[in-house]
Amino acid sequence: MKKLIYTLLFISALVADVFSQQQAGPAAGDFFINVDFARFKNDSQSGYLEVYYGLYPNMLKYEKVDGVYHAGVMLKTRILDRLSGEPVAENAFPLKIAEKDTSQPWYRYPLVTQAGFVLPIGDYSMEVTAVDSLASESQDSVSMSFVVSAFSEPVQMSDIEMCKKIARSQNKTDLFYKNGLEVVPIPSLVLGIATSPVLFYYSELYNLTPGQNYTVKTYILDANDNIVRESTKQQAYNAETGLLVGNLTITSHPAGKYTFRCVVLDENENEFTRTQKAFTIFNPHINNKALAEQTEVTKALKKLSLKDMRKEFEMARYVATENEVLMFPQVDTESGVRDFLVKFWTEVSTGRGDKPAITRSDYLDRVETANKNYGAFGRDGWDTDRGRIYILYGEADEVDRSPADSQTKAYQIWRYYSLDRGVEFVFVDRNGYGNLELVHSNMRGELSDRMWERFLQ
């Protein structure tokens, strides 16, 4: 991926999608800059360095002129050869803001830009400095070291670029355009439900054999290097250079430090190359109880086959949302199904809308009891009306049972005094085969038929 040396473009503002009403950036008055970078192949003698910058508009000083708020930052990047100490690249540019309304989302979400440098193979240090244009005492600097290497044989991979957004694009004048894509970086490397609930990632593969199958494995590891998420896919490329692009929803992971790792293997599972990047997740909605449930569920699901996990979700449909019921059949890998269920059970354990809160273990215990007591007419107990009510609400406080006689069909009335100020469920063996069907309830959202007694005839 070649660009002119020291090419620098920037945008006036990048307004992130608003996923939450929570404050996404720092408190007003703080001042700091986020910096990240990724190294790509240029030619046999040099590499291409992209540097990503992130600043929050609400930490700048503003001047109001003719009803417009003006602010700015002077960004300076200096790259030195670590052996000689000599500068090899340096630039500075002002990043300006002019907006009418600071109550809009642009004020709270990061301003993102990037720069590109072609550098000879070597060992470098880099310092980025940011200074508020209207308050020189507000400034910050970031220093880091890196090596630019030749991406020679065999298969090699660029650094991972973690992104806020990746979408198809033909706009080659866009700052974030790369290989037919708009690739918007997230320099803070902080993701979560309030800022970036989806982790997009971009990397480039070099020295591929066209037509050969490669195995690509991706992992998310926690601070103790435990794998908390993984996926595997087979990929073939039609050229010597290929892209590795994907996304992961990370809203079900608790706050903490993580590592995202990509590994490329040949058809015999021999590793060609790997790359990884550390990042942070901030999900304040996941409390300790949910975290404990998530850990327990993750351990339990690792012991199940894909078939068993699909059966589990089928039995869990009573506490699933309509969207989850529609989406689940579209998840076609074992790791994807496992991730789906971990997120599903974690959310179910805290309760959602009118669905009762219940842990996975308690739910499956109720399924087992329902299968023992409420199976009928060749159907498992969980799949009957009485089984469903038992699984959702547990043991009834009172049960009236009336067997069949010459005049009346068998029926039962289950009463729950603690539910919604007291509710009841009426089941009738309408066909006489022992399958008691729900015909009436005063529970909101359930079948209601006050003339249910006609089914007894």
Subject >> Shape category assigned to region 151-284 from the gyration tensor of Cα positions, a/c cut at 1.5 >> reply: oblate
Original post:
What list of ³J(HN,Hα) values in whole Hz, one per residue of region 240-250 in order, does the Karplus curve 6.51 cos²θ - 1.76 cosθ + 1.60 (θ = phi - 60°) give from phi, with Gly and Pro shown as x?
Top reply: 6, 10, x, 10, 10, 10, x, 8, 9, 7, 10
Subject >> Per-selection Kirkwood Rh - region 182-240 (Cα, Å, 1 d.p.) >> reply: 14.3 Å
Original post:
If you take the charge dipole of the chain about its Cα centre, with +1 on Lys and Arg Cβ and -1 on Asp and Glu Cβ, which of Gly375, Asn224, Pro254 is farthest toward its positive end?
Top reply: Gly375
Subject >> Mean Cβ count within 10 Å, highest first, over the residues of peptides 182-190, 308-316 >> reply: 182-190, 308-316
**OP:** Provide, in order from the shortest bin, the percent of all Cα-Cα pairs of region 323-380 in each 10 Å bin, continuing until the bin that contains the maximum pair distance.
**Re:** 20, 36, 38, 6
Subject >> Net lengthening on full extension, Thr350/Val325 (0.36 nm per residue, minus Cα-Cα) >> reply: 7.1 nm
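Just how large is the dipole of the chain about the Cα centre, in debye to the nearest 20, putting +1 at every Lys and Arg Cβ and -1 at every Asp and Glu Cβ?
Roughly 320 debye, rounded to the nearest 20.
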Original post:
Cα centroid distance between region 76-91 and region 239-267, in Å?
Top reply: 31 Å
Original post:
Under the classification rounded if a/c is under 1.5, otherwise prolate if a/b is larger than b/c and oblate if not, where does region 361-456 fall, given a ≥ b ≥ c as square roots of the Cα gyration tensor eigenvalues?
Top reply: oblate
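State whether region 288-358 is rounded, prolate or oblate according to the following rule on the C-alpha gyration tensor (a ≥ b ≥ c being the square roots of its eigenvalues): a/c under 1.5 gives rounded; otherwise a/b larger than b/c gives prolate, and the remaining case gives oblate.
In terms of gyration-tensor shape, oblate.
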**OP:** Place a +1 charge on the Cβ of each Lys and Arg in region 26-91 and a -1 charge on the Cβ of each Asp and Glu, then give the dipole magnitude about the Cα centre in debye, rounded to the nearest 20.
**Re:** 80 debye
Original post:
If you place +1 on the Cβ of every Lys and Arg and -1 on the Cβ of every Asp and Glu, how big does the dipole about the Cα centre of region 361-456 come out, in debye to the nearest 20?
Top reply: 240 debye
Original post:
Label points 7 Å out from Cα along the Cβ direction at Ser84 and Asp101: separation in nm?
Top reply: 5.4 nm
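Helix-only mean residue ellipticity at 222 nm, the chain, DSSP H runs n ≥ 4 weighted -39,500 (n - 2.57), per residue, nearest 500. What is it?
Helix-only estimate at 222 nm: -4500 deg cm²/dmol.
Kirkwood Rh, region 111-150, all Cα pairs: how many Å?
One over the average 1/r among Cα pairs gives 12.5 Å for region 111-150.
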Subject >> Rg(Cα)/(2.2 N^0.38 Å) for the chain, N = residue count >> reply: 1.29
Original post:
Alpha carbon centre of region 394-441 versus region 162-189: separation in Å?
Top reply: 60 Å
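Bear in mind that the values in this text are calculations on the coordinates, not laboratory data. Here the structure is a predicted model, which means the values were calculated and not measured. Because the Cβ atoms are built from the backbone with ideal geometry, glycine has one as well, and the counts that use them run over all protein chains shown.
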